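Report on the structure given below.
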Amino acid sequence: MSLYDVVRPALFALPAETAHGVGTSLLRATQGTPVERVACERLRVDDARLATTAFGQSFPNPVGVAAGFDKNAELPGMLAALGFGHVEVGGVTAERQPGNPKPRMFRLREDRAIVNRMGFNNHGADVVGNRLSRAALPGVPVGLNIGKSKVTPLDEAPDDYRYTFERCGEWVDYSVVNVSSPNTPGLRELQHRDALEAILGTLLDAGARPLLVKLSPDLPEAAVEEALAVVDDLALDGVIATNTTTSRPASLRSPEQAERGGLSGKPIEHTATGFVKFVARRTDVPVVGVGGVSDADGAYAKIRAGADVVQLYTALVYEGPTVARDINRGLLERLESDGFDHVSEAVGVDL
Ligand SMILES: Cc1cc2nc3c(=O)[nH]c(=O)nc-3n(C[C@H](O)[C@H](O)[C@H](O)COP(=O)(O)O)c2cc1C
């Protein structure tokens with residue numbers, strides 16, 4: 001029984017967003033204190049077999065924090081101390097915004113899932129940029145997930161994304177164009193060729209490298225092909241597959257599945273892994289695999305499907321703060337039993 005097994009019932013007695021606030025307050029309060037060093041010693045798995053590179057970045061291990069957990073870039077140091085090999089902060093938008101009315105985050109406990117319709121609540125690019133410029137950033141890559149401000153019309157999206165990059169990009173190791181969150185009206189239309197080309201082209205002109213795009217699992221196959229053609233044409237640095245889904249698999253049991261928003265966690269795991277495979281088959285760019293990763297088997301399946309690194313969010317809620325350590329330890333066991341000397345040898349072996 002872990003400490004989190006004791007703490008979880010108390011957290012789960014609170015509304016999901018309140019519990020998230022409690023968890024992140026604790027992480028903020030301990031960041032930069034001796035607790036961070038102790039966490040580091042206990043939770044970081046230092047092993048050369050897990051260290052990997054992708055889009056010019058060196059990752060100490062392939063397990064990262066997905067966007068949305070640290071929307072305002074307040075916790076990268078502590079998240080790295082929990083053993084994560086990279087941290088993607090954001091989604092940050094040009095404008096500071098409150099997001100949708102609460103409640104807007106729901107646990108589907110029986111399904112080990114979350115539905116959220118946060119709507120890019122964040123402090124905005126000016127505040128986050130200032131924070132990043134002053135922060136002692138951890139020794140792991142930090143990515144910037146950029147979203148579109150709700151008030152900005154779709155045809156002005158390129159400048160909106162550019163503004164955020166210009167305020168925050170200097171302090172991070174890679175940037176991500178997020179055109180796949182289901183909670184900003186019209187956002188996902190920006191995944192179509194012309195709109196995507198305009199946004200990515202504007203960011204590349206502004207010097208955004210490495211630049212990745214994050215796609216939705218709800219895109220029809222032809223639209224994914226179109227987006228990947230833009231990725232190839234612009235020689236983008238990578239694809240993140242995938243964001244949350246508005247679909248509701250028939251297997252769901254929790255009543256909260258009826259809430260509007262994007263579904264994440266265990267029920268999207270296999271679809272997301274299939275999406276990783278699809279992307280990896282069609283492009284040569286690195287793939288970041290995300291969606292339902294909660295244990296070493298799930299992380300390993302995404303890596304074997306072609307993901308250079310993986311990310312998770314929902315598993316932090318259900319498995320707790322030791323999840324990165326547990327996955328990294330399990331990955332080492334799986335590499336060993338499959339006869340791989342290094343995690344990079346496992347990337348794409350199932351393709
Ligand atoms: C509450 C919440 C907020 C999120 N916010 C963002 C966001 O701002 N930008 C983004 O690209 N993805 C966001 N995501 C999606 C995650 O980054 C990830 O793609 C998705 O949750 C699937 O991974 P998981 O099953 O490990 O949670 C959010 C997810 C959750 C649960």
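The values are calculated or read from the model by the stated rules, or taken from the named source; none is laboratory data. No experiment lies behind these values; they were computed from the predicted model shown. Here Cβ is always computed from backbone atoms with ideal geometry, including for glycine, and neighbour counts include all displayed protein chains.
Take the conditions (1) under 24 Å from residue 299 (Cβ atoms); (2) surrounded by fewer than 20 Cβ atoms within 10 Å (Cβ to Cβ); residue 9 misses just one of them, which is (1).
Of all residues assigned to the stretch 244-253, at least one qualifies as being outside any loop (DSSP other than H, G, I, E, B) and crowded, with 18+ Cβ neighbours inside 10 Å.
Residues in the stretch 250-257: is at least one without any contact (Cβ under 8 Å) to a residue 24 or more places away in the chain and of a type outside the set (A, V, I, L, M, F, W, C)?
yes
Restricting 206, 280, 258, 223 to residues that are surrounded by fewer than 16 Cβ atoms within 10 Å (Cβ to Cβ), more than 16 Å from the ligand (Cβ to nearest atom) and aliphatic (A, V, I, L, M) narrows the list to 258.
For the stretch 320-339, a residue qualifies if it is in contact (Cβ under 8 Å) with a residue 40 or more places away in the chain, surrounded by fewer than 24 Cβ atoms within 10 Å (Cβ to Cβ) and in contact with a Lys or Arg (Cβ under 9 Å, 6 or more places away or on another chain), and the qualifying residues are 320, 322, 325, 332, 335. Only residues that are in contact with a strand residue (DSSP E or B) (Cβ under 9 Å, 6 or more places away or on another chain) and either among the β-branched types (Val, Ile, Thr) or modelled with pLDDT of 95 or more (or both) were counted across the stretch 128-159, and they come to 15.
Criterion applied to 72, 100 was being touching a His at 6+ places or on another chain (Cβ under 9 Å), surrounded by fewer than 24 Cβ atoms within 10 Å (Cβ to Cβ) and in contact (Cβ under 8 Å) with a residue 40 or more places away in the chain, and the one residue passing it is 72. Can you find even one residue in the stretch 289-306 that is of a type in the set (Val, Ile, Thr), near the ligand (Cβ under 10 Å from one of its atoms), in contact with a strand residue (DSSP E or B) (Cβ under 7 Å, 6 or more places away or on another chain) and not in a loop (DSSP other than H, G, I, E, B)? Scanning the stretch 289-306, I find at least one residue that is of a type in the set (Val, Ile, Thr), near the ligand (Cβ under 10 Å from one of its atoms), in contact with a strand residue (DSSP E or B) (Cβ under 7 Å, 6 or more places away or on another chain) and not in a loop (DSSP other than H, G, I, E, B), so the answer is yes. Say whether the condition of being closer than 25 Å to residue 86 by Cα, under 19 Å from the mean Cα position of the chain (by Cα) and touching a residue at least 40 places away in the same chain (Cβ under 8 Å) is met by at least one residue in the stretch 195-205. No, the stretch 195-205 has no match at all. The residues of the stretch 149-168 that are over 9 Å from residue 94 (Cβ atoms), within 16 Å of the ligand (Cβ to nearest atom) and assigned to a helix (DSSP H, G or I), listed by number, are 157, 165, 168.
Could you name every one of the strands (runs of 3 or more DSSP E) located completely within the stretch 59-145 that has at least 3 residues being more than 17 Å from the chain's Cα centre (by Cα) and not hydroxyl-bearing (Ser, Thr, Tyr)?
Hits in the stretch 59-145: 105-108.
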